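Notes for the one structure printed next.
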Amino acid sequence: MTELSLRGLTKRFGNHTAVDDVTLDVPDGSFICLLGPSGCGKTTLLRLLAGLEEPTAGEVSVAGQDQTNVPPEKREFGMVFQSLALFPHLSVADNVAYPLSIRGRPRAESRKRADELLAQVQLAGMGDRRIHQLSGGQRQRVAIARGLAIEPKVFLLDEPLSALDANLREQMQVELRQLQQRLGVTTVVVTHDQKEALTMADIVIVMDKGRVQQVGAPMEVYRDP
Ligand code: ADP
Ligand code: ADP
């Protein structure tokens, strides 16, 4: 089944076209890596999906529902930003629970959900720490847990592992893939690392200058020149 569907999705900034007429169907539960050089439109595409940018043309739908008039806080997307964008003044658990609190969920319920998610990302018992007390890899895990807080239909991650050293990055690639398989959530990860895409993806989408150049299984995409 198609979970996520993009039809003619286009975003122009002034006369620069950042995302150019992208049409894609993403199967339910698949792990997608979006590859391409800096400036090719990967981040803009994720922001369009999350509703953080308004498309110039085209539409996004999730499970057959057009998202055009759905504001970001009502969309069933979870997002991990490249900068992580964690709140330094909040505890780890309050960071994870934040998407639930802005949706008005009761505090006790949100805290329980945050603790469950922290266990899923191997941070059980760390909910009361502050962000600055965590290592880089632990912060990454907090951002992943926060992105999953609302039980999103689609999980979006913008270069989630790029700040980590090589060993930790490889470990987190495996962890992220395992977590995604356990939850079955349709996932789109932006990366510019081909090897990372090979480790994690079911489907690789190669972008260039705002357009989709290639879509396929990792081995198919890499075989072609
Ligand atoms: P990538 O994530 O692949 O590096 P981006 O989506 O960040 O690419 O950017 C695609 C293009 O759109 C770039 O040329 C970038 O400078 C431009 N762009 C992105 N966001 C904006 C914006 N808010 N205003 C103007 N130009 C933008
Ligand atoms: P990322 O680090 O996730 O790739 P960028 O550093 O490309 O994101 O952009 C960070 C923010 O700045 C985003 O909100 C993006 O839309 C905006 N942005 C990117 N390029 C431009 C630009 N040329 N002019 C204005 N805003 C931009």
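The values are calculated or read from the model by the stated rules, or taken from the named source; none is laboratory data. None of these values were measured; they are calculated from a predicted model. Reconstructed Cβ throughout: ideal geometry from the backbone, glycine too, with neighbour counts over all protein chains shown. Please note that ligands, DNA and RNA were not included when accessible areas were found on the heavy atoms of the full protein model with its side chains. Shrake-Rupley method; radii C 1.70, N 1.55, O 1.52, S 1.80 Å.
Descriptive notes on the structure:
- Applying a threshold of 6 Å to beta carbon distances and a minimum spacing of six or more residues, or different chains, the list of pairs starting in segment 136-148 at a residue that is on the phi > 0 side of the Ramachandran plot and outside any helix (DSSP H, G or I) and ending at one that is surrounded by fewer than 24 Cβ atoms within 10 Å (Cβ to Cβ) and at pLDDT 95 or above is empty.
- 2 or more residues within 16 Å of ligand 2 (Cβ to nearest atom): qualifying strands (runs of 3 or more DSSP E) within segment 31-95: 31-35, 77-80
- Taking segment 96-132 as the range and being free of Cβ contacts under 8 Å to residues at least 12 places away in the same chain and part of a helix (DSSP H, G or I) as the test, the residues that pass are Ser101, Arg107, Ala108, Glu109, Lys112, Glu116, Ala119.
- Residue match in segment 21-29 (condition: within 15 Å of ligand 1 (Cβ to nearest atom), open to solvent by 20 Å² or more (accessible area, probe 1.4 Å), modelled with pLDDT of 95 or more and under 17 Å from Val80 (Cβ atoms)): no
- Count of segment 186-199 residues which are at pLDDT 95 or above and either of a type in the set (Ser, Thr, Tyr) or over 17 Å from Ser38 (Cβ atoms) (or both): 3
- Conditions (1) of a type outside the set (A, V, I, L, M); (2) open to solvent by 60 Å² or more (accessible area, probe 1.4 Å); (3) under 30 Å from Ser5 (Cβ atoms); (4) touching a residue at least 40 places away in the same chain (Cβ under 8 Å); number of the one not met by Glu220: (4)
- Looking only at residues in segment 1-20 that are of a type in the set (Lys, Arg) and more than 12 Å from ligand 2 (Cβ to nearest atom), the one that is surrounded by the fewest Cβ atoms within 10 Å (Cβ to Cβ) is Arg12.
- Count - residues of segment 30-51 that are within 13 Å of the chain's Cα centre (by Cα), within 11 Å of ligand 1 (Cβ to nearest atom) and either hydroxyl-bearing (Ser, Thr, Tyr) or open to solvent by less than 70 Å² (accessible area, probe 1.4 Å) (or both): 7
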